[in-house]
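Peer 1: Please read through the structure below; I'll follow up with questions.
The values are calculated or read from the model by the stated rules, or taken from the named source; none is laboratory data. The structure presented is a predicted model; accordingly, all values stated were derived computationally and were not measured. As a convention, Cβ positions derive from the backbone with ideal geometry for all residues, glycine included, and neighbour counts pool all protein chains shown.
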Amino acid sequence: FEYDDIKEKCTILLNNHDSLIDVDGIIKKNLYNYYEILLINAHLLISDFKSNPSEREYNKLNFFEKELSRLKSDRSLIKYLFLEIIYEKAKFLKLKLFLRIFQTQSEMGFELKIFGETDYNSIDELTSTLTISELKKFIIYSKNHYLEDSKNAENIKNYYKGIPLDNNSFQNNHLRIKFFKDVNPIKSNLEEIVKSFKIELDNNNSDSNFNNYAKRISYNYAVNNLFSFYLENEDFTYERAIGEYEKVKKDLFLTEIKNFFPELRFIKFLVQRIESQLSKKYSHNEFLNVSDYIDKCSELLKIYKQNLNWTKFNHDFIFQARFHECIIKRNPNVEKARLRQLFIASTFVLPLNKDVIAEEYASYESKIKLFDGIRNTLRIISYESQKLDQLNSDALNKDVKYIEILGIFCTVSTFASAAILSILSEKSYNQTSANQTSAAEFIIIISISLLSFLGILIFVLKNKYITKNFLVVLFVVLLFLLLGYINR
């Protein structure tokens, strides 16, 4: 039921039960209030198991708190001793909603306000209104666990010091994970905690469904944190990350919880390395060395999306304590023994913010598409660069061949000139004028031949259809014509 329909539902219930009407036909007012309390309690039960931080959820819990406060002040309802407990539960769940929204705003760099009404500093004030000391402890622990603060690490350390060594409750192990992962990182201790949860998981056959689920999801949480611990090591290689990821997927298969955290952490690990490569001065080939990272990100993104869609409908809290740890003892001065305890399924754990999770997925999807586009562009540039290098190399080789030919021509021309001068020197000095004429003719012919050959050479460079053999034949013909002229 929606809370707006509470009065309507109560009226229907009253009208359909003759026993709720006295002899004068007047509806009993207290019974109307009684049904309203029960319906609110049903809503709180749902919020305890399934909650999404949103303005709608906030308005709902805010309404419940105010309505229960009104009912609690009604003198005719003093005999309903459970009303105080339900009111306490409404305030507690609302406070946890505050913490989750504040934590999200803090990570995104927003001003710490909740729908423009309640600010961060009011959390302590609201916590002080709780009368059950155990619920206060839950709120304070959640605040230290989820919200980054200058005193956060010190408070977690103090919590850890207060844990008895032989107390292996799920809540205490949750604290140990936080301590050995973020405050005092010790890999071996984290691995031992994972083993302890695995032992609990293996002994779940004779336990209740509630406890079996708590064991599965808590083991899931422990394995995910250990995987995250590995990936935060700067020396952790890509190959080792793949091996650990595959091991995580194998370990978590039996939990039947399709959480997206392993994919999220692995993608974050790879994206950081790709961005690091982009921030450096690199050649095309150096960036293409991380091409495997981009392919792996695309593969992980598909699994990430599938598990994210599963989470939207099946997964609201990332950790859960066992049933007996969810029974919260009330202050001992309560008269009725049956009212000395309260059941809170979610305990100290804050609900997942699925809207933020969806935004985070969209952000990584966009980045991976960008990386893929950069890679494809660099591949094209690299291919075209190789083609250009090949063309330059071919052109250089071609120019060298023609220079060699030109050198041969000049050498032959020199020898021919020397031979002609020798012939001319043997002529009679009486033929001086004729020799002068022959020498002038020779110089003219040599010049014309050289210019003709250079013209032909330039033509060949411009025309790819002229072969080297054609050039050699042409050169020989010109040489014979020259020698024929000299010996005429």
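Peer 1: Under 9 Å between Cβ atoms, at least 6 apart or on separate chains: pull out the pairs that start in region 43-61 with a residue that is closer than 15 Å to LEU95 by Cβ and end on any residue that is hydroxyl-bearing (Ser, Thr, Tyr) and part of a helix (DSSP H, G or I).
Peer 2: The qualifying pairs are PRO53/THR104; GLU57/SER47; LYS60/TYR3; LYS60/SER47; LEU61/SER47.
Peer 1: With respect to PHE49, determine if the residue is under 28 Å from the mean Cα position of the chain (by Cα) and modelled with pLDDT of 85 or more.
Peer 2: yes
Peer 1: Out of curiosity, is ASN225 part of a helix (DSSP H, G or I), within 18 Å of PHE170 (Cβ to Cβ) and not hydroxyl-bearing (Ser, Thr, Tyr)?
Peer 2: For ASN225, the condition - part of a helix (DSSP H, G or I), within 18 Å of PHE170 (Cβ to Cβ) and not hydroxyl-bearing (Ser, Thr, Tyr) - is met.
Peer 1: Could you check how many residues of region 177-188 are part of a helix (DSSP H, G or I) and under 26 Å from the mean Cα position of the chain (by Cα)?
Peer 2: Going through region 177-188 one residue at a time, the tally reaches 8.
Peer 1: Here's something else I'd like to know. If the requirement is being within 20 Å of ILE328 (Cα to Cα) and small (Gly, Ala, Ser), which of these qualifies: SER188, SER142, SER206, SER196?
Peer 2: Only one candidate qualifies: SER142.
Peer 1: When you scan region 238-289, how many residues do you find that are hydroxyl-bearing (Ser, Thr, Tyr), over 26 Å from PHE319 (Cβ atoms) and at pLDDT below 90?
Peer 2: Within region 238-289, residues that are hydroxyl-bearing (Ser, Thr, Tyr), over 26 Å from PHE319 (Cβ atoms) and at pLDDT below 90 number 4.
Peer 1: Continuing with this model, one more query. Would you mind stating whether GLU191 is in a helix (DSSP H, G or I) and acidic (Asp, Glu)?
Peer 2: Spelling it out, GLU191 is indeed in a helix (DSSP H, G or I) and acidic (Asp, Glu).
Peer 1: Tell me whether region 312-319 contains one or more residues that are in contact (Cβ under 8 Å) with a residue 24 or more places away in the chain, acidic (Asp, Glu) and either outside any helix (DSSP H, G or I) or buried (at least 18 other Cβ atoms within 10 Å of the Cβ) (or both).
Peer 2: yes
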